[in-house]
Amino acid sequence: MENNEELFCIGCGSKIQSENKDELGYTPQSAIEKGLETDELYCQRCFRLRHYNEIADVSLTDDDFLRLLNQIGSSDALIVNVIDIFDFNGSIIPGLHRFVGDNEILLVGNKVDLLPKSVKRSKVKDWLRQEANKQGLRPVDVMLTSASKGYEVDELLDLINKYRKGRDVYVVGVTNVGKSTLINKIIQQQTGINELITTSRFPGTTLDKIEIPFDDDKNLIDTPGIIHNYQMAHFLKGKSLKFASPKKEIKPKVYQLNEGQTIFLGALARFDYISGGKTGVVAYLDNDLMLHRTKTENADKFYEKHAGGLLQPPYNDEMNDFPELVRFEFKITEKSDIVFSGLGWITVKENTIVAGWAPKGVSVVVRRAMV
């Protein structure tokens with residue numbers, strides 16, 4: 001900092017400094033100047049904490065995760081579990097039902113704006129409830145929102161107030177489900193935008209939590225995003241990352257396939273149609289992701305030759321660090337989605353055999369069709 005004026009972070013009170021990244025209060029000089037212009041000066045840590053689902057993940061160890069879940073289970077609270085509708089399987093928290101105790105769960109499906117408008121919202125809610133039941137969750141209610149668009153945030157607040165019955169509310173979710181965006185929308189609705197800067201942290205714990213007070217001395221408690229390592233986003237960087245988190249309504253792409261045909265999803269993943277006669281499949285993926293159809297018998301060589309070039313993303317300079325693709329085969333007995341975790345899905349008809357390929361470490365699963 002060039003002047004002698006002492007500045008303090010409005011998030012945690014630390015003295016702002018731009019010399020040592022490892023010390024409290026560190027903020028880059030450019031951010032200090034911007035913060036002074038807007039009267040919202042945060043240290044880098046608080047800035048990231050405010051935006052930790054979008055800017056910088058808060059990494060929880062397994063022990064931290066268990067401690068957080070046990071703390072929730074021993075509290076008398078309403079649990080608001082935010083999931084990403086576009087990545088349901090990648091955003092469900094394994095074993096959550098074992099830790100919440102007798103606490104009720106309100107399941108919130110975020111990013112509903114990504115689904116085609118032709119999809120009936122009532123059908124999606126029924127689907128979410130049934131899929132949650134398979135995971136052992138029995139939500140007291142299911143709600144659809146779009147945090148980025150502010151869709152039905154008032155209705156969500158009404159539901160929270162209906163079910164919390166004078167209790168604290170814990171908001172839980174994995175990273176990248178848009179939880180912090182949703183919380184910020186709730187804060188705006190509750191208190192007006194100026195109150196965003198007064199959110200406080202629990203001191204003396206390795207878990208960063210943000211408390212937003214209700215009118216009755218209880219709190220809405222935002223918890224750090226839990227990291228799922230098998231999501232596609234963890235293997236992508238730079239401009240490739242946008243394909244794992246679409247921002248616009250998905251336009252489904254329909255393909256008529258013969259047996260022995262393959263669709264490449266850039267170089268990120270691959271879908272093989274093995275048997276079942278001529279059939280139609282529907283791809284629900286980022287609108288800008290390049291899909292390429294070829295014969296399955298030539299697919300291995302095609303990938304080896306064109307990954308990073310004709311098939312992208314990832315791009316040539318990213319392929320060295322990109323894991324090999326691993327194959328998962330499925331025998332389909334009912335209309336189903338083949339889900340590439342964190343990327344999207346391809347809907348296939350019954351009585352077919354298909355295979356999905358994804359980077360080693362990323363899951364490919366089959367589920368009852370959403371649409």
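If only residues of region 11-40 that are buried (at least 19 other Cβ atoms within 10 Å of the Cβ) and under 25 Å from residue 182 (Cβ atoms) are counted, the one that is modelled with the highest pLDDT is 35. Here residue 299 meets the list (1) assigned to a strand (DSSP E or B); (2) of a type in the set (A, V, I, L, M); (3) farther than 24 Å from residue 177 by Cα almost entirely, failing just condition (1). Taking (1) surrounded by 12 or more Cβ atoms within 10 Å (Cβ to Cβ); (2) of a type outside the set (A, V, I, L, M, F, W, C); (3) more than 22 Å from the chain's Cα centre (by Cα) in turn, residue 309 satisfies each apart from (1). In the set 350, 304, 329, 318, which member is part of a loop (DSSP other than H, G, I, E, B) and either charged (D, E, K, R) or closer than 21 Å to residue 128 by Cα (or both)? So the residue among 350, 304, 329, 318 that is part of a loop (DSSP other than H, G, I, E, B) and either charged (D, E, K, R) or closer than 21 Å to residue 128 by Cα (or both) is 350. Residue check: is residue 93 at pLDDT below 80, closer than 27 Å to residue 341 by Cβ and either acidic (Asp, Glu) or within 17 Å of the chain's Cα centre (by Cα) (or both)? No.
Which residues, counting only those in region 338-368, are among the small types (Gly, Ala, Ser) and surrounded by fewer than 18 Cβ atoms within 10 Å (Cβ to Cβ)?
Hits for region 338-368 are 355, 361.
Does region 111-122 contain any residue that is in contact with a strand residue (DSSP E or B) (Cβ under 7 Å, 6 or more places away or on another chain), buried (at least 21 other Cβ atoms within 10 Å of the Cβ) and of a type in the set (Lys, Arg)? Looking for residues that are in contact with a strand residue (DSSP E or B) (Cβ under 7 Å, 6 or more places away or on another chain), buried (at least 21 other Cβ atoms within 10 Å of the Cβ) and of a type in the set (Lys, Arg), one finds at least one in region 111-122, hence yes.
When region 145-172 is filtered for residues that are within 16 Å of residue 114 (Cβ to Cβ) and small (Gly, Ala, Ser), the ones remaining, listed by number, are 146, 147, 148, 150.
Considering region 138-188, the residues that are within 18 Å of the chain's Cα centre (by Cα) and of a type in the set (S, T, N, Q) include one that is farthest from residue 344 (Cα to Cα), namely 184.
Every residue, every condition in (1) surrounded by fewer than 19 Cβ atoms within 10 Å (Cβ to Cβ); (2) in a loop (DSSP other than H, G, I, E, B); (3) modelled with pLDDT of 80 or more, yes or no:
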position: 3; (1), (2), (3): yes, yes, no
position: 52; (1), (2), (3): no, yes, no
position: 59; (1), (2), (3): yes, yes, no
position: 98; (1), (2), (3): yes, no, yes
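The residues listed here are 161, 103, 81; of these, the one that is in a strand (DSSP E or B), more than 24 Å from residue 285 (Cβ to Cβ) and not aliphatic (A, V, I, L, M) is 81.
The values are calculated or read from the model by the stated rules, or taken from the named source; none is laboratory data. This is a predicted model, so every value here is computed, not measured. Note that we place each Cβ from the backbone using ideal geometry, even for glycine, and neighbour counts take in every protein chain shown.
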